[in-house]
Structures are given as C-alpha cells and as structure tokens.
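The values are calculated or read from the model by the stated rules, or taken from the named source; none is laboratory data. Computed from a predicted model, the values in this text were never measured in an experiment. Glycine also receives a Cβ, built like all others from the backbone with ideal geometry; neighbour counts cover every protein chain displayed.
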Amino acid sequence: MLTFSRGVHPETNKALTADKRIEKMPPPKDLYIPLTQHIGKECVPVVAEGDYVRMGQLIARCEEDGVYIHSSVSGTVKGIEQLPTLVAPKSSHIHIENDFEDNIERLSPLGEDASRESALQRLKEAGIVGMGGAAFPTHKKLNPPRGEKIDTFILNGAECEPYITCDHRLMAERAEEIRRGARLFARILGVERIIVGIENNKPDAIEAFKGFSDIEVKVLRAKYPMGAEKQLIYACTGRKVPLGGLPKDVGCIVDNVHTVYSAYLAVTQGLPCIERLVTVSGGAVENPGNYIIRIGTTYLHISEHCGLKEQPVKVLGGGPMMGTAAFDLHVAVAKATSSVLFLTEKEINTEKASPCINCGRCARVCPMYLMPMYIDACTIAGDYKGAKKYGARNCIECGCCAYVCPAKRPLVQSIRLAKRIVRERNI
Ligand code: SF4
Ligand code: SF4
C-alpha cells in the first residue's frame, strides 16, 4: 500500500458524514463576504453601499496578482463592515442583503479547448484559489516560471483530516466534472500524466475514478497527513521534494479535487467561485452533512440550519489537526473553508500543557523529520536563530507532534510563532 514515513493515525470520525450525499443549504438573509480569501493582499471593493448586485457579479478585485471576489447572492450592498475571521479579530467584509431572487450573472463560457492564456485569465477572473485550505491563487500555481519541467499533475483526493468528507463526496458524486477539470489543468501545464491520490478509506470515490483511462488512480494507505503535498507526491510517485523546495522541483503540480471541480465550472459554465461544499460535523450537530454553502454565510446560520443537540465547547473552521478555532459565530464561510465543526467537551483536549519530558515522541512522528521539542524550547527562550537552525521554516504545521505529545505542549503554535518571527526579522 502506498504511503510515506512517519505521521499518525488519529480517530477519523468521518462516519458522521461520509455517506451523507451533497445537498444545498438555503442561503441566509445577510451574507458577509470576506475581502481576504486568498494568500496575498486584501481585495478592493468595486461596489458601494446601496448598490444592487447580481449573484456572480464582481464585487472586489485585487490589483496585483490575486483573484477576484463575486457576490454569492443577488441583493443590496449594505456596506463594508469589520468582522472577525478565523485569523483576525477584525477584517473587511462586504455585507449583502439577499433578495432571494438568485438573479445570476455568469462569465461567458469557454470551451474545454480554451487557450492556455484565456483559461488562466478565466481562473483569475472567476476567483479560483486552492480550496483544500491553502487558498493560493490557482492561475499562479498553473503558471510556473519558464524552464520548470513539469511532467505530472496530481489530483489531491487524500482528505486525511478527521471529520472532513466534502472531497470524498465530491469525488463519489462529481467524478466526471473533476476528471474533465483535471484534463484542462494538464493541458494548461502541458503534461500527459494525471494521477489522483485517494486514501483507502474512500472506496466509492476510488471506484468512481477507476473507469477513467486517462487518470492513474493511486490507492493510498489512510494516514495523517497524507494530503500534505510533499507526503502525497512521495506516496504517489516516489519523488522526494527537497527541504525548502516545492512540488515543481520534482516535476509535479498538486491541486485539490474541489479546486479542479470549481475551475471546471468557471471555465466551461462561466460560474465564478461563489459557493463550495462544506462538511458540517461534530458531536454537537443535530444534522451533520455535506452542504453546498454560499461564500459569506456565517457559522451562526450554519448552526441554525443544521441544529445543535448541545452547546459546542469549540467551533472549528477546518479539521481538528490543522483547523482554527472560531471565537465568534459571525465568522463567514470563505473559499478555503472545507469544514465547520461544532465539537463537544468529549471531542476536544482540555488538558493543560506541562513541561516537556524529553520523551522524543514528537520527533518520531514528524513527517518532515524535525525535532519539534527543540524548536519549542528555542521559541520559549526567544532564541529564534536556534529555531531556524532546527528547521522551523520547514514545518508544514500538520500538528502530528502536538497530537502525540503526552505533555500536551502547544507545539504548532510555538513553531508558527518562530516561523513568523524568523520571517519578519529576516533572521
Ligand atoms: S514539527 Fe511541524 S511538520 Fe513536524 S509534526 Fe510538528 S507540525 Fe508537523
Ligand atoms: S512529545 Fe512532548 S514531551 Fe515528548 S519530547 Fe516532544 S515536546 Fe517533549
């Protein structure tokens, strides 16, 4: 069975939603569309308070190399408001009051044989970003510098995070669209070889791709973090991305299956990125499932629509290994929101951190072969040069180290802090 070294096997908790077919969640009356939804600068609004907007209409653009943002409903712009996101207590959002008409405006459809340049421009104008969590603009990823020899496009269908099943359902129910999108990406990249990597705990998704002669299906051993790019590339091709390197350094480009699906709709149907499939799960949810949710829908609306059996102790955007806690239910779904989890006390760690006992478990599971305990010790001592020496910048923030730590050390937060300071101070 194809795999990579190290990593962990957390309880998957996917059974709550793995068999829940895709369904649409009705949009709320008020949507708050974040202006920061991809890696790069905040987008600049092109609409003002009082404007009428159609569903799919451009409402903000990034002047540099970023992507565009569109209204996910038709209605009236109520203003630009400062609201929390998962990473900032205040960030600009466009507030739109829904008229429930879904009066839609699309871009003009391009054929599947669209030229490379027009397809890349379309991905930018339709606001396509990495929907597996990275939110990197897709038109940039598919346009590596000249001279890079890319020979393989890998569809990331691993979905190794506990609880999350949206990519699983998308692969099982929308395989043909994903296949066509993958062929489009391969054509843009000028490569022949397309691989889809799927963990062996998604048999119906594997089955859905098995019949395609133009895509190699790699059945991967379910292990966390199989969906991390470097680990996925190794498991699928045996190629090792060098430390500090990128997938393109070993001739690969990797994209998540949802990104490819949304890109396909943008190119062939002119549909901008205004909604996405989100897994809503956790022990506190009455009706967990996989819902198509409009961008800008608040977690509060999601909790009201799905119902809560009990008050959640923690609400997460993303999975329990790499996700971020939401301190306010006014956080809105963005393009990279793969899941919203409403977790009970039984499902979270409430133990307090204690000093490191030097057991070495964190180092034994780190898929990047780092020594997390040393980086943590350097961070505590304010020795950021030391943290850099121990490879903090190579940490992929997967959380395996913190997951196994008997002392419950907040290792990822510590390493993240070291990375930020090394970057900001140019150490
Ligand atoms: S040090 Fe980083 S890469 Fe290694 S296990 Fe911890 S979070 Fe993952
Ligand atoms: S797992 Fe925790 S206690 Fe053990 S060495 Fe790592 S940081 Fe220390």
All positions within the stretch 370-417 that are among the hydroxyl-bearing types (Ser, Thr, Tyr) and more than 14 Å from ligand 2 (Cβ to nearest atom):
384
Kindly check whether there is at least one residue in the stretch 325-345 that is on the phi < 0 side of the Ramachandran plot and within 16 Å of ligand 2 (Cβ to nearest atom).
no
Which numbered condition trips up residue 14, out of (1) at pLDDT below 95; (2) basic (Lys, Arg); (3) crowded, with 20+ Cβ neighbours inside 10 Å?
(1)
Taking first residues from the stretch 186-210 that are without any contact (Cβ under 8 Å) to a residue 24 or more places away in the chain and crowded, with 17+ Cβ neighbours inside 10 Å and second residues anywhere that are part of a loop (DSSP other than H, G, I, E, B) and polar (S, T, N, Q), the pairs with Cβ under 9 Å that are 6 or more apart or on different chains are 206/200
For residue 235, work out the one condition from (1) touching a Ser or Thr at 6+ places or on another chain (Cβ under 7 Å); (2) not in a helix (DSSP H, G or I) it doesn't fulfil.
(2)
If only one of 257, 241 is without any contact (Cβ under 8 Å) to a residue 24 or more places away in the chain, closer than 26 Å to residue 319 by Cα and not small (Gly, Ala, Ser), which one is it?
241
Given the residues 240, 218, 230, which is the only one that is in a helix (DSSP H, G or I) and of a type outside the set (A, V, I, L, M)?
230
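Conditions tested, residue by residue: (1) buried (at least 18 other Cβ atoms within 10 Å of the Cβ); (2) closer than 22 Å to residue 165 by Cβ.
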residue: 247; (1), (2): yes, no
residue: 258; (1), (2): yes, yes
residue: 263; (1), (2): yes, yes
residue: 273; (1), (2): yes, yes
residue: 294; (1), (2): yes, yes
residue: 301; (1), (2): yes, yes
residue: 312; (1), (2): yes, yes
residue: 325; (1), (2): no, yes
residue: 328; (1), (2): no, no
Tally up the residues in the stretch 396-425 that are small (Gly, Ala, Ser) and without any contact (Cβ under 8 Å) to a residue 12 or more places away in the chain, please.
0
Note down all Cβ pairs under 9 Å where the first residue falls in the stretch 25-51 and is touching a residue at least 60 places away in the same chain (Cβ under 8 Å) and of a type in the set (Phe, Trp, Tyr), the second is surrounded by 17 or more Cβ atoms within 10 Å (Cβ to Cβ) and part of a strand (DSSP E or B), and they're at least six residues apart or on different chains.
32/83; 32/93; 32/94; 32/95; 32/96; 32/298; 32/332
Checked 334, 284 against criteria (touching a strand residue (DSSP E or B) at 6+ places or on another chain (Cβ under 8 Å), closer than 30 Å to residue 113 by Cα and in contact (Cβ under 8 Å) with a residue 12 or more places away in the chain); the one match is 334
Would it be correct to say that residue 322 is within 16 Å of ligand 1 (Cβ to nearest atom), of a type in the set (A, V, I, L, M), touching a residue at least 12 places away in the same chain (Cβ under 8 Å) and part of a helix (DSSP H, G or I)?
no
If you check every pair at least six apart or on different chains, which have Cβ atoms under 7 Å apart with a residue in the stretch 69-90 that is without any contact (Cβ under 8 Å) to a residue 12 or more places away in the chain first and a residue that is in a strand (DSSP E or B) and surrounded by fewer than 16 Cβ atoms within 10 Å (Cβ to Cβ) second?
90/82
Can you confirm whether residue 235 is within 19 Å of the chain's Cα centre (by Cα) and small (Gly, Ala, Ser)?
no
Taking the conditions exactly as written (under 29 Å from residue 90 (Cα atoms) and either among the aliphatic types (A, V, I, L, M) or surrounded by 15 or more Cβ atoms within 10 Å (Cβ to Cβ) (or both)), does residue 417 satisfy them or not?
yes
